[in-house]
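Okay, so here's the structure we're looking at.
The values are calculated or read from the model by the stated rules, or taken from the named source; none is laboratory data. Quick caveat: nothing in here was measured; it's all calculated off a predicted structure. As a convention, Cβ positions derive from the backbone with ideal geometry for all residues, glycine included, and neighbour counts pool all protein chains shown.
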Ligand code: CA
């Protein structure tokens, strides 16, 4: 099949070369692209990546996709947060170039994006679900987006015709819109790009009615780092606000006694679950209360304190998170089934990814942002019939910076010179180019802000990671081979002095290569203290 496919592409290339300056695939063979994208889905909560939750079989349908395609085992983001990751994917450029560095920014929609280029190359393009870049999407023939973060139940969706609230669970609504477009909305004579972008499993982790009691009778395995004390870290890890213990709210994040009328909390916290309850139907609310009522009662009775309370919060958090993921896994099944039924599967690239990883109690945390492994990693699974070997894996280091280039390349569209990543098509064909990157560059900016994760940039190779918290003039260094959980900061260890000096040079080379002029000098001690107080 692989040979056959390559042969067909080869013939096409020859034919196109004879016909003049037309790009590869610009004729009959342009593959369709279905990009299924979720929010905050960490690879270690996917069966195909293996790990802590394997016994729960959390993602049978995403795993089925992996068995049919290729799983990228070293897939990373450039800036671990929702909006910026999306902007990097659309543009193939780092945050400091595409301009969307923080969630508070507004995406400059006039800049080139891969959907616009595919549209110009004759593709039908559609986007349904989470957008999170403010402003209207450009480059799509059809689109319906959630405003901002969107809501889990009966979400408002914005489209070219205006806003409407659609009854149902968000993941299901977005899947239905996607299926409806595939069946009846598109021009059947053109290749298509469908971006199906789910809100789940983003905070506040509100599960669908059908899964409210899933996992009720199991103990979710705990991470070994649940009670990390950050003793080895540079100072920023001790000043964050993303601990399950101190920052995750029992009522607003975990639904203990939460009602639509729950009083505004004193400390700043995310109240979107309460806001969403106000838009639930009486039937939905009744099912919700029937599921959580007895569990809340048992919680009160147990009167937990200290580490027992943290463990309970972890259980409730993870069960809801994994319940949300089940809805995304269902969506993957529905979309795949439709492609088969419609005879589209053979010429459609299906991609599953999520905007970054997430802390699932790792280091005692929830949320993302840091360059540590759990939030740096992104899932990336690609099925391209005739190109990807079923059940294959790739170990090359890839980033969301590469997606735009990959989709353009697959469609036979020329990749603009100013895109900063590389097409993954050779990797998908099972061939790693000799000059493939051996390190990645990272830069996180949103500070001071929610969760209080300090700005940092850094470099990761297959073995080492060097992180610079430049505002505080502090560094961290990890040997991932010796210390995969990043519990022992070796920055001051003289045995690593040469490695660290070399990595600093490489980091500087990457900074220059990508044109990142946004790294600043350390703040004064007074400014450091002030920024931490906000
Ligand atoms: Ca996200």
Take the residues in the range 93-106 that are outside any helix (DSSP H, G or I), over 17 Å from residue 139 (Cβ atoms) and within 16 Å of the ligand (Cβ to nearest atom); name whichever of them is modelled with the lowest pLDDT. 104
Kindly check whether there is at least one residue in the range 467-486 that is in a loop (DSSP other than H, G, I, E, B), within 25 Å of residue 247 (Cα to Cα) and not assigned by TED's automatic domain parsing to the domain that holds residue 74. yes
Report, by residue number, each residue of the range 120-141 that is surrounded by fewer than 18 Cβ atoms within 10 Å (Cβ to Cβ) and in contact with a helix residue (DSSP H, G or I) (Cβ under 7 Å, 6 or more places away or on another chain). 138
Residue 62: in a strand (DSSP E or B) and either closer than 22 Å to residue 195 by Cβ or outside the structural domain of residue 323 (by TED's automatic domain parsing) (or both), yes or no? no
For the range 324-383, which residues satisfy the criterion of being assigned to a loop (DSSP other than H, G, I, E, B), closer than 20 Å to residue 394 by Cβ and away from the ligand (no atom under 16 Å from the Cβ)? none
For residue 386, are the conditions met, namely being touching a residue at least 60 places away in the same chain (Cβ under 8 Å), on the phi > 0 side of the Ramachandran plot and outside any helix (DSSP H, G or I)? yes
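Going by the structure shown, is residue 113 more than 16 Å from the ligand (Cβ to nearest atom) and in contact with a helix residue (DSSP H, G or I) (Cβ under 6 Å, 6 or more places away or on another chain)? Please lay out each step first, then the result.
Numbers: more than 16 Å from the ligand (Cβ to nearest atom): yes; in contact with a helix residue (DSSP H, G or I) (Cβ under 6 Å, 6 or more places away or on another chain): yes.
Taking the combined requirement at face value, the residue satisfies it.
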Of everything in the range 158-176, what is closer than 20 Å to residue 280 by Cβ and surrounded by fewer than 22 Cβ atoms within 10 Å (Cβ to Cβ)? Give them in sequence order. 163, 164, 165, 166, 167, 168, 172, 176
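In this structure, is residue 490 touching a residue at least 24 places away in the same chain (Cβ under 8 Å) and either in contact with a helix residue (DSSP H, G or I) (Cβ under 7 Å, 6 or more places away or on another chain) or part of a loop (DSSP other than H, G, I, E, B) (or both)? Before you say what the answer is, go through the steps one by one.
Numbers: touching a residue at least 24 places away in the same chain (Cβ under 8 Å): no; either in contact with a helix residue (DSSP H, G or I) (Cβ under 7 Å, 6 or more places away or on another chain) or part of a loop (DSSP other than H, G, I, E, B) (or both): yes.
No, not satisfied.
In this structure, is residue 61 more than 14 Å from the ligand (Cβ to nearest atom), touching a helix residue (DSSP H, G or I) at 6+ places or on another chain (Cβ under 7 Å) and under 24 Å from residue 381 (Cβ atoms)? Give the derivation first.
Working: more than 14 Å from the ligand (Cβ to nearest atom): yes; touching a helix residue (DSSP H, G or I) at 6+ places or on another chain (Cβ under 7 Å): yes; under 24 Å from residue 381 (Cβ atoms): yes.
Against the criterion (more than 14 Å from the ligand (Cβ to nearest atom), touching a helix residue (DSSP H, G or I) at 6+ places or on another chain (Cβ under 7 Å) and under 24 Å from residue 381 (Cβ atoms)), residue 61 qualifies.
Going through 129, 139, 122, 109 one at a time, which residue ends up being in contact with a strand residue (DSSP E or B) (Cβ under 9 Å, 6 or more places away or on another chain) and assigned to a loop (DSSP other than H, G, I, E, B)? Step through it out loud before you land on a result.
Working: 129 fails: assigned to a loop (DSSP other than H, G, I, E, B); 122 fails: in contact with a strand residue (DSSP E or B) (Cβ under 9 Å, 6 or more places away or on another chain); 109 fails: in contact with a strand residue (DSSP E or B) (Cβ under 9 Å, 6 or more places away or on another chain).
The unique qualifying residue is 139.
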Consider residue 221 against the criteria (1) surrounded by fewer than 17 Cβ atoms within 10 Å (Cβ to Cβ); (2) assigned by TED's automatic domain parsing to the domain that holds residue 353; (3) under 24 Å from the mean Cα position of the chain (by Cα): it satisfies all of them except one. Which criterion is unmet? (2)
Within the range 214-233, is there a residue that is at pLDDT 95 or above and in contact with a strand residue (DSSP E or B) (Cβ under 7 Å, 6 or more places away or on another chain)? yes
Which one is farthest from residue 224 (Cα to Cα), of the residues in the range 476-487 that are crowded, with 19+ Cβ neighbours inside 10 Å and out of contact with any helix residue (DSSP H, G or I) (no Cβ under 8 Å at 6 or more places or on another chain)? 476
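For (1) under 28 Å from the mean Cα position of the chain (by Cα); (2) assigned by TED's automatic domain parsing to the domain that holds residue 53, each residue gets a yes or a no:
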{"site": "276", "(1), (2)": "yes, no"}
{"site": "281", "(1), (2)": "no, no"}
{"site": "284", "(1), (2)": "no, no"}
{"site": "345", "(1), (2)": "yes, yes"}
{"site": "361", "(1), (2)": "yes, yes"}
{"site": "368", "(1), (2)": "yes, yes"}
{"site": "383", "(1), (2)": "yes, yes"}
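Can you tell me how many residues within the range 259-290 are outside any helix (DSSP H, G or I) and within 18 Å of residue 211 (Cβ to Cβ)?
Taking the range 259-290 and keeping what is outside any helix (DSSP H, G or I), we get 259-271, 278-281.
Of the ones still in play, those that are also within 18 Å of residue 211 (Cβ to Cβ) are 280-281.
Number of matching residues: 2.
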With the requirement that a residue be crowded, with 24+ Cβ neighbours inside 10 Å, more than 13 Å from the ligand (Cβ to nearest atom) and over 16 Å from residue 375 (Cα atoms), what does the range 67-87 give you? 69, 70, 71
Of all residues in the range 305-342, which are within 30 Å of residue 225 (Cβ to Cβ) and exposed (fewer than 14 other Cβ atoms within 10 Å of the Cβ)? 305, 306, 307, 308
Residue 90 passes all but one of (1) part of a helix (DSSP H, G or I); (2) within 16 Å of the ligand (Cβ to nearest atom); (3) more than 27 Å from residue 385 (Cα to Cα); which number fails? (3)
